[in-house]
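Peer 1: Here it is: the structure, laid out below.
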Amino acid sequence: MSRVVRRHFEVKETAVAICSEERYIRIAEEAIFEARRAVELKIVQDPFFGITYDPYPPSKDEHPLVAGMCRASVSAGVGPMAAVAGAISEYAVSAMASNGAEYAVVDNGGDIAFLNDRPLRVGLFAGSGSPHVCAVVEPSDRIRGICSSSGEIGPSVSFGRSRICTVMCGDAALADACATLFGNLVTGEDAVGPASERVCGIPGVVWCLTFCGDAVASCGRLPPIVPCMADESLITGITAADIPGVRRQYS
């Protein structure tokens, strides 16, 4: 089995953790540069794209990354920048996969795209002092996404009060947008059930899980959730691509 390394990478305000074989790390870094340029160009062309909280349908001939953000925006009913972190993560993993990677993980501030040829343990951080648990995701030859939002952790805008809302999809941009919606819907402990059911009803969502106060709710085909020893120093410290002039609505 190939040796996997972990690298921290930053460009402007984007900070990610990349896990793969050494030869694929630079490919991921170059893809992140390209992804940022695509988003920045779109905002220059239409500043509204960077600030709206409303769904933003894709236009003809959009860059594939921007088009994916727009589709996720429409599916989840949120602004397109709610999908930017997951979209950038997936763009990087796709580039690694196109060059032969079979194991590639990009964590963009808790919005994770991954391709895993072995079981993958994804830690779910619900705040200091909370139990450390991991979702154990089975191997697949398809890129998938696990993204999270929180009303208590991190600088991103959330209209809810969850400690964490996590969503898995076969599309990391969609997972990111749905996590934002999920976080907005969980306004208290009594909202966890209805919010989970609504998010899991969005086509493409595989499962979702939330912690709010003392309440926990999940929906969908949840993987094993197990206790784990988590090193909080490994949590990516900056959330997604905080592009100047963009309202921080993304998770």
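Each reported figure results from applying straightforward, stated rules to the coordinates on display, with no laboratory input. None of these values were measured; they are calculated from a predicted model. Here the Cβ is made from the backbone with ideal geometry for all residues, glycine too, and neighbour counts use every protein chain on show.
Peer 1: Taking trypsin sites (Lys or Arg not before Pro) as candidate sites, keep only those in a DSSP loop with at most 16 other Cβ atoms within 10 Å, then name the longest stretch of the chain containing none of them.
Peer 2: Values: sites that count: 3, 12, 60, 142, 161, 221, 247, 248.
By the stated rule (loop sites, at most 16 other Cβ atoms within 10 Å), 61-141.
Peer 1: Hey, another quick one. How high is the FRET efficiency between residue 141 and residue 8 when r is their beta carbon distance and R₀ equals 22 Å, given to the nearest 0.05? The partial results should precede the final answer.
Peer 2: Details: r = 27 Å, r/R0 = 1.23.
Between residue 141 and residue 8 the formula returns 0.20.
Peer 1: Turning to a different aspect of this structure: Cysteines without a disulfide-compatible partner in the chain, using Cβ under 4.7 Å as the rule?
Peer 2: Result for the chain is 19, 70, 147, 165, 169, 178, 208, 212, no neighbouring Cys Cβ within the cutoff.
Peer 1: Right, another one. I need the P(r) histogram for the chain: all alpha carbon pairs, bin width 5 Å from 0 out to the longest distance, whole percents.
Peer 2: Going from the shortest bin to the longest, the percentages are 1, 7, 15, 20, 21, 17, 11, 5, 1, 0.
Peer 1: In percent, what relative contact order does the chain have, based on Cα pairs under 8 Å that are 6 or more apart in sequence?
Peer 2: Details: 639 pairs, mean separation 51.7, N = 251.
So the answer I get is 21 percent.
Peer 1: Something else: For segment 189-204, just list the computed ³J(HN,Hα) in residue order, Karplus coefficients 6.51, -1.76 and 1.60, θ = phi - 60°, integers in Hz, with x standing in for Gly and Pro.
Peer 2: Going residue by residue, I get 4, 6, 9, 5, x, x, 5, 4, 5, 5, 5, 5, x, 6, x, x Hz, with x marking Gly and Pro.
Peer 1: Add -39500 (n - 2.57) for each DSSP H run of 4 or more in the chain, then divide by its residues: what number comes out at 222 nm, to the nearest 500 deg cm²/dmol?
Peer 2: Numbers: 5 runs with 75 residues, N = 251.
Helix-only estimate at 222 nm: -10000 deg cm²/dmol.
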